[in-house]
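The values are calculated or read from the model by the stated rules, or taken from the named source; none is laboratory data. None of these values were measured; they are calculated from a predicted model. All Cβ positions, even for glycine, are placed from backbone atoms using ideal geometry, and neighbour counts span all protein chains on display.
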Amino acid sequence: MKERLLQESTPADADDRLPVSQVNGEKTSEYISSLVPDLPDWLADTERRAKREEVPIIRKEAQGLLRFLLSARQPKSILEVGTAVGFSAAFMEDCVGYGVPLTTIEKVPARIEAAKRLFTERSELAAITLREGDAAEVLAELAAEGRKFDFVFLDAAKAQYPIYWQLIRPLLADGAYFVADNVLQEGSIAESKFTVQRRDRTIHLRMREFVRELFGEKSVVSTLLPVGDGMTVSVYHER
Ligand code: SAH
Ligand code: MG
């Protein structure tokens, strides 16, 4: 079977390598994005405004994956690390039909202002609580408060992902989903560290460390998907 698969995609003298996926690329990405459902007008406006102001919000493909995962898990509580102007928090509320308690963390004052404005303007978003401050500190506070979440979306400082993961693990309820965004960094994480620019090397090292630790963790089953900018999806089971 393996032999036949190899013959179909590689020259006859191919070694033991398994066939490599050829599907990732701009066209595929555009096609997948075109399948993602439209947003309500006000949310589409929020998305457009954020893009115009160059706020790095979740892309269409990531929206598709999050909507699917939220529908599968049906969380009773959601945690987000990295609110920005509130687009993804509002989006997740839309996915679950609104009213599900969602805690989101942001530290940049201008973004906090914009997010708060959105969360108070739209009555659908009343279940969102914005926690201001450094994510590492707020995550430790949430643990001290004994909080647990069914769904956690990590989308903050990329070099801090290993630390965030350590702080998020105790916050996962049994059966929780944990999703992290921007794990492939435009594909650069899959490259050798020697090919990445010096300034990106810290992110490269830390992201590799995060993925290694996540996949080494016995209490979660994880996958890394080349969706959007690369996303890990994990499910946590208490043992
Ligand atoms: N999830 C948002 C986008 C988040 S962008 C969306 O898709 O709509 C990442 C955000 O993380 C930025 O707004 C940045 O200010 C915030 N951030 C980065 N480091 C942080 C930290 N240490 N504590 C809290 N927020 C942080
Ligand atoms: Mg992101």
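Residues that are modelled with pLDDT of 95 or more and among the β-branched types (Val, Ile, Thr) within the range 219-239 comprise Val220, Val221, Thr223, Thr232, Val233, Val235, listed in sequence order.
How many of the residues in the range 201-239 are surrounded by fewer than 17 Cβ atoms within 10 Å (Cβ to Cβ) and outside any loop (DSSP other than H, G, I, E, B)?
As a first pass, look at the range 201-239 and keep what is surrounded by fewer than 17 Cβ atoms within 10 Å (Cβ to Cβ): 201-202, 205, 208-209, 212-213, 215-219, 221-223, 225, 237-239.
Pick out the ones that are also outside any loop (DSSP other than H, G, I, E, B) and you get 201-202, 205, 208-209, 212-213, 215-216, 221-223, 225.
Matching residues across the range 201-239 total 13.
There is no residue in the range 43-52 that is of a type in the set (A, V, I, L, M, F, W, C) and either modelled with pLDDT under 95 or closer than 23 Å to Tyr161 by Cα (or both).
Within the range 65-78, identify whether any single residue is loosely packed, with under 15 Cβ neighbours inside 10 Å, closer than 26 Å to Glu141 by Cα and away from ligand 2 (no atom under 16 Å from the Cβ), and answer yes or no. Within the range 65-78, one or more residues are loosely packed, with under 15 Cβ neighbours inside 10 Å, closer than 26 Å to Glu141 by Cα and away from ligand 2 (no atom under 16 Å from the Cβ). For the range 63-92, the tally of residues that are within 19 Å of Ala156 (Cα to Cα) and either among the aliphatic types (A, V, I, L, M) or part of a helix (DSSP H, G or I) (or both) stands at 14.
For the range 156-171, a tally of residues being over 14 Å from the mean Cα position of the chain (by Cα), within 16 Å of ligand 2 (Cβ to nearest atom) and of a type in the set (Lys, Arg) returns 0. Of all residues in the range 37-60, those satisfying the criterion of being in contact with a helix residue (DSSP H, G or I) (Cβ under 7 Å, 6 or more places away or on another chain), under 16 Å from Asp94 (Cα atoms) and either within 12 Å of ligand 2 (Cβ to nearest atom) or hydroxyl-bearing (Ser, Thr, Tyr) (or both) are Thr46, Ile57, Ile58.
Can you find a residue in the range 105-117 that is of a type in the set (Lys, Arg), in contact with a strand residue (DSSP E or B) (Cβ under 9 Å, 6 or more places away or on another chain) and within 16 Å of ligand 2 (Cβ to nearest atom)?
Keep residues of the range 105-117 that are of a type in the set (Lys, Arg), which gives 107, 111, 116-117.
Right, trim to in contact with a strand residue (DSSP E or B) (Cβ under 9 Å, 6 or more places away or on another chain) and you get 107, 116.
Okay, now just the ones that are also within 16 Å of ligand 2 (Cβ to nearest atom), so 107.
So far as the range 105-117 goes, yes, one or more of its residues are of a type in the set (Lys, Arg), in contact with a strand residue (DSSP E or B) (Cβ under 9 Å, 6 or more places away or on another chain) and within 16 Å of ligand 2 (Cβ to nearest atom).
Per this entry, Phe178 is not counted among residues that are part of a helix (DSSP H, G or I) and out of contact with any helix residue (DSSP H, G or I) (no Cβ under 6 Å at 6 or more places or on another chain). Taking the range 138-181 as the range and being under 20 Å from Cys95 (Cβ atoms) and among the acidic types (Asp, Glu) as the test, the residues that pass are Asp150, Asp155, Asp181. Looking only at the range 93-104, residues that are part of a strand (DSSP E or B) and either within 16 Å of ligand 2 (Cβ to nearest atom) or free of Cβ contacts under 8 Å to residues at least 12 places away in the same chain (or both) come to 1 in all.
Residues in the range 117-169 that are under 13 Å from Gly86 (Cα atoms), surrounded by 17 or more Cβ atoms within 10 Å (Cβ to Cβ) and of a type in the set (Val, Ile, Thr): 1 in all. Here Pro56 meets the list (1) outside any helix (DSSP H, G or I); (2) closer than 17 Å to Asp150 by Cβ almost entirely, failing just condition (2). Once the range 79-116 is narrowed to residues that are within 12 Å of ligand 1 (Cβ to nearest atom) and of a type in the set (Val, Ile, Thr), the residue that is surrounded by the most Cβ atoms within 10 Å (Cβ to Cβ) is Thr83.
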